[in-house]
1. Between Val128 and Val19, what is the label-to-label distance in nm when each label sits 7 Å out along the Cα-to-Cβ direction?
2. Taking 0.36 nm per residue of separation and subtracting the Cα-Cα distance, what length does fully extending Leu180 through Ser145 add?
3. Can you tell me the relative contact order of the stretch 53-163? Whole percent, Cα pairs under 8 Å, sequence separation 6 or more.
4. Would you calculate the separation in nanometres between label points at Ala114 and Ser5, each defined as 7 Å from the Cα along the Cα-to-beta-carbon direction?
5. Distance in nm between label sites at Val49 and Gln93, each 7 Å beyond Cα in the beta-carbon direction?
Amino acid sequence: MGDVSVLAEILIALAAIMVVSTVTVIVIARVLYRRIRRSRALNGAVLRVRTRVSVGPNHEILRLRLRLRESLASGQAAVDLAVQSGGPHGELQRLVGRLQNEGTRVESQLLLLATELDPVVLRETLPVAARRVDQITGLVGRVRSVVAAGLGVCTDDTLTTLGADVDREIAAVDAGVAELHALTLLDGLPAPERTSMARTSAHRLDKRSTP
């Protein structure tokens with residue numbers, strides 16, 4: 001009886017270990033799966049691969065989904081860049097958010113089309129979905145153009161200011177070099193001429209320093 005009870009305890013312990021191990025593996029797998037689904041970069045890579053290898057109507061649906069995602073991502077990246085660089089962005093962030101909401105609806109429609117088995121329905125609805133994707137990508141392109149124009153204006157203004165500052169610094173350096181050259185020449189002149197040139201140099205320096 002003693003041996004039987006010990007064996008039973010061992011079997012129960014092994015069963016408990018197996019159950020705990022199985023549950024742990026399932027939990028880890030679910031966490032990893034959720035993280036993979038939330039990873040935009042990985043999802044985009046998977047979508048690109050699926051688009052390349054697909055054929056028929058499914059290829060067109062995947063192509064539209066890929067184009068829609070990449071367009072919306074580029075619009076968000078442009079607005080983020082405008083915010084980070086201090087460029088004008090106004091309500092662009094809010095508009096991009098609205099475009100992303102519409103893009104989510106359109107992608108849901110495309111996902112529904114991917115499960116459609118009737119070729120007649122596909123022929124009728126695919127062009128409609130394509131037009132919606134075209135509209136969204138066109139609006140995103142306009143947003144990117146606005147961001148590019150704003151950044152260009154800021155860059156032009158900054159470069160103009162920098163150019164004026166550089167010109168002033170170069171003029172100041174040239175004036176300093178000229179003064180040093182004049183003072184060097186004074187060392188080889190007689191005292192009366194040295195005094196006269198020193199007064200002239202001092203007078204020029206006073207005129208430059210006077211606003």
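Nothing in this text is a laboratory measurement; each read-out follows from the coordinates by a stated rule. Because the structure is a prediction, the values reported are computed rather than measured. Cβ: placed from backbone, ideal geometry, glycine included. Neighbour counts: every protein chain shown.
1. Placing both labels 7 Å along Cα→Cβ, they lie 5.3 nm apart.
2. On the way: separation 35, 0.36 × 35 = 12.60 nm, distance 5.20 nm.
Length gained between Leu180 and Ser145: 7.4 nm.
3. Numbers: 73 pairs, mean separation 44.5, N = 111.
In percent, rounded to a whole number, it is 40.
4. Roughly 6.0 nm, to one decimal.
5. Reported label-point gap for Val49 and Gln93 is 3.6 nm.
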